[in-house]
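S.K.: This structure is in structure tokens; I'll ask about it shortly.
The values are calculated or read from the model by the stated rules, or taken from the named source; none is laboratory data. Since we're looking at a predicted model, the values are computed, not measured. Neighbour counts are summed over all protein chains in view; Cβ atoms, including those assigned to glycine, are modelled from backbone coordinates with ideal geometry. Just so you know, the surface numbers come from the protein's heavy atoms only, side chains and all, with ligands and any DNA or RNA stripped out. Shrake-Rupley method; radii C 1.70, N 1.55, O 1.52, S 1.80 Å.
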Amino acid sequence: ARVLGDFDPREYMERRVWVTARDGEHIPVSLVWRRGHEPAADSAMFITGYGAYEISSDPGFSVARLSLLDRGVLYAVPHVRGGGELGRAWYEQGRLLAKPNTFTDFVACARHLVDEGWTSADRLVAQGGSAGGLTVGAAVNLAPDAFRAVHADVPFVDALTTILNPDLPLTVTEWDEWGDPLHDPAVYACMKGYTPYENVPAGRFPAVLATTSLNDTRVEVTEPAKWVAQLRRTVDDDPARPILLRTEMVAGHGGVSGRYQAWRDLAFELAWIIDQASSPA
């Protein structure tokens with residue numbers, strides 16, 4: 001399809017790099033940037049991940065992404081385990097009791113990109129939505145020094161509480177993905193060890209923007225609300241690294257209805273990301 005405006009695909013570069021994970025597995029990372037903004041240690045970077053349900057985070061075109069690229073922000077997608085990019089085994093290595101691999105993969109990719117001079121930790125903004133919100137929430141708990149900021153969209157950050165409640169409409173079917181902590185002590189211990197709400201560390205923390213919707217029936221608004229409250233109680237109070245919660249009052253898991261309102265919301269989120277990636281350390 002033709003892209004309106006002055007878009008020229010020759011103005012953009014892409015690359016695939018491989019990162020060695022904690023257990024020796026090799027994780028692919030897709031990168032794209034605009035010519036004239038070649039990667040360097042002072043480059044701003046947006047890094048996004050998912051890693052669940054055997055869903056592949058395939059590289060694809062996005063008009064909104066051009067807004068970041070044209071402002072010199074590098075875009076990175078680590079294809080962490082739990083997705084389906086490298087087949088069924090890739091999924092199996094990131095679900096149930098192996099779920100922590102998803103989070104350590106994401107951290108390994110972030111640290112590698114810094115170590116190789118693609119960006120620096122004080123210019124690196126992470127993003128994830130839904131189960132991807134769990135991914136980035138758990139990752140920043142593990143390595144808060146590796147990121148400048150995190151945008152968590154409808155994030156599954158109080159996973160243990162939700163998956164312990166079989167009265168919720170999605171819980172029992174979700175046991176196939178996360179395990180059944182209600183009847184399996186090993187699953188309970190595993191989930192309690194990684195769910196973001198349960199493991200917020202004290203000290204300096206990235207800036208956080210949590211976006212949610214009042215009528216979300218997949219990840220209830222209580223999850224990011226509890227997480228943000230826990231962050232504000234626990235991490236250092238730094239005005240340069242605010243902990244923010246933005247709630248849509250008439251929307252569900254997919255955000256607001258209507259193309260123009262959705263664009264306004266996305267513009268707000270991208271502006272916050274660019275501001276954080278450009279702020280002093």
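S.K.: Look at Glu54 and say whether it is open to solvent by 30 Å² or more (accessible area, probe 1.4 Å) and either modelled with pLDDT of 95 or more or within 18 Å of Ser279 (Cα to Cα) (or both). If you could, list the steps in order and put the result at the bottom.
M.R.: Numbers: open to solvent by 30 Å² or more (accessible area, probe 1.4 Å): yes; either modelled with pLDDT of 95 or more or within 18 Å of Ser279 (Cα to Cα) (or both): yes.
For Glu54, the condition - open to solvent by 30 Å² or more (accessible area, probe 1.4 Å) and either modelled with pLDDT of 95 or more or within 18 Å of Ser279 (Cα to Cα) (or both) - is met.
S.K.: Please verify whether the stretch 222-233 includes one or more residues that are in contact with an Asp or Glu (Cβ under 6 Å, 6 or more places away or on another chain) and at pLDDT 95 or above. Explain how you work it out, then say what you get.
M.R.: From the stretch 222-233, those in contact with an Asp or Glu (Cβ under 6 Å, 6 or more places away or on another chain) are 223, 226; that's our starting set.
Now drop any that are not at pLDDT 95 or above, which leaves 226.
Checked the stretch 222-233: at least one residue is in contact with an Asp or Glu (Cβ under 6 Å, 6 or more places away or on another chain) and at pLDDT 95 or above.
S.K.: Of everything in the stretch 60-90 that's in contact (Cβ under 8 Å) with a residue 40 or more places away in the chain and of a type in the set (D, E, K, R), which residue is farthest from Ala138 (Cα to Cα)?
M.R.: Residue satisfying both the conditions and the ranking: Arg71.
S.K.: Further, regarding this structure: From Ala44, Ala110, Ala139, grab the single residue that is within 30 Å of Trp263 (Cβ to Cβ), of a type in the set (A, V, I, L, M) and within 11 Å of the chain's Cα centre (by Cα). Reasoning before the result, please.
M.R.: Values: Ala44 fails: within 11 Å of the chain's Cα centre (by Cα); Ala110 fails: within 11 Å of the chain's Cα centre (by Cα).
After ruling out the rest, the residue left standing is Ala139.
S.K.: Another question, if that's okay. Pick out the one residue from Thr222, Thr162 that is in contact (Cβ under 8 Å) with a residue 40 or more places away in the chain and under 17 Å from Ile243 (Cβ atoms).
M.R.: Details: Thr162 fails: under 17 Å from Ile243 (Cβ atoms).
The conditions single out Thr222.
S.K.: In this structure, is His183 open to solvent by 30 Å² or more (accessible area, probe 1.4 Å) and either modelled with pLDDT of 95 or more or part of a helix (DSSP H, G or I) (or both)? Even if it seems obvious, please write down each step before you answer.
M.R.: On the way: open to solvent by 30 Å² or more (accessible area, probe 1.4 Å): yes; either modelled with pLDDT of 95 or more or part of a helix (DSSP H, G or I) (or both): yes.
Considered against the rule, which asks whether it is open to solvent by 30 Å² or more (accessible area, probe 1.4 Å) and either modelled with pLDDT of 95 or more or part of a helix (DSSP H, G or I) (or both), His183 comes out as yes.
S.K.: So which residues in the stretch 1-27 are aliphatic (A, V, I, L, M), surrounded by 11 or more Cβ atoms within 10 Å (Cβ to Cβ) and modelled with pLDDT under 95, if there are any at all? Working first, answer last.
M.R.: Quick first cut of the stretch 1-27, residues aliphatic (A, V, I, L, M) only: 1, 3-4, 13, 17, 19, 21, 27.
Going one step further and asking which of them are surrounded by 11 or more Cβ atoms within 10 Å (Cβ to Cβ), we end up with 3, 13, 17, 19, 21, 27.
Val3 - this is the single residue of the stretch 1-27 that is aliphatic (A, V, I, L, M), surrounded by 11 or more Cβ atoms within 10 Å (Cβ to Cβ) and modelled with pLDDT under 95.
S.K.: Could you please let me know if Ile55 is in contact (Cβ under 8 Å) with a residue 12 or more places away in the chain, within 22 Å of Gly128 (Cα to Cα) and touching a Cys at 6+ places or on another chain (Cβ under 8 Å)? If you could, list the steps in order and put the result at the bottom.
M.R.: On the way: in contact (Cβ under 8 Å) with a residue 12 or more places away in the chain: yes; within 22 Å of Gly128 (Cα to Cα): yes; touching a Cys at 6+ places or on another chain (Cβ under 8 Å): no.
In short, no.
S.K.: Residues that are open to solvent by less than 50 Å² (accessible area, probe 1.4 Å), at pLDDT below 95 and within 16 Å of the chain's Cα centre (by Cα): does the stretch 200-214 have at least one?
M.R.: yes
S.K.: So Leu69 ticks every box in (1) modelled with pLDDT of 95 or more; (2) in contact with a helix residue (DSSP H, G or I) (Cβ under 8 Å, 6 or more places away or on another chain) but one. Which box is left unticked?
M.R.: All conditions are met except number (2).
S.K.: Give the number of residues within the stretch 219-244 that are part of a loop (DSSP other than H, G, I, E, B) and either surrounded by fewer than 13 Cβ atoms within 10 Å (Cβ to Cβ) or β-branched (Val, Ile, Thr) (or both).
M.R.: Just the residues of the stretch 219-244 that are part of a loop (DSSP other than H, G, I, E, B), to begin with: 219-221, 236-242.
Now drop any that are not either surrounded by fewer than 13 Cβ atoms within 10 Å (Cβ to Cβ) or β-branched (Val, Ile, Thr) (or both), which leaves 219, 221, 236-240.
Number satisfying all stated conditions: 7.
S.K.: Another question about this same structure. Out of all the residues in the stretch 91-112, which are touching a residue at least 12 places away in the same chain (Cβ under 8 Å), open to solvent by 10 Å² or more (accessible area, probe 1.4 Å) and farther than 16 Å from Ala146 by Cα? Walk me through how you get there before you give the answer.
M.R.: Let us first name the residues in the stretch 91-112 that are touching a residue at least 12 places away in the same chain (Cβ under 8 Å), namely 91, 93-112.
Filter once more, so that each one left must be open to solvent by 10 Å² or more (accessible area, probe 1.4 Å): 91, 93, 95-98, 100-101, 104, 107-108, 111-112.
Tyr91, Gln93, Arg95, Leu96, Leu97, Ala98, Pro100, Asn101, listed by residue number.
S.K.: A further question on this structure: If Ala41 satisfies every condition in (1) within 20 Å of Pro206 (Cβ to Cβ); (2) surrounded by 21 or more Cβ atoms within 10 Å (Cβ to Cβ); (3) not polar (S, T, N, Q) but one, which is the exception?
M.R.: Answer for Ala41: the failing condition is (2).
S.K.: Please state which of the following conditions Val250 fails to meet, knowing it meets all the rest: (1) in a helix (DSSP H, G or I); (2) at pLDDT below 90; (3) open to solvent by 30 Å² or more (accessible area, probe 1.4 Å).
M.R.: Going through the list (1) in a helix (DSSP H, G or I); (2) at pLDDT below 90; (3) open to solvent by 30 Å² or more (accessible area, probe 1.4 Å), Val250 breaks only (1).
S.K.: While we're here: Out of all the residues in the stretch 124-171, which are over 23 Å from Leu214 (Cα atoms) and surrounded by fewer than 23 Cβ atoms within 10 Å (Cβ to Cβ)?
M.R.: Scanning the stretch 124-171 gives Asn141, Leu142, Ala143, Pro144, Asp145, Ala146.
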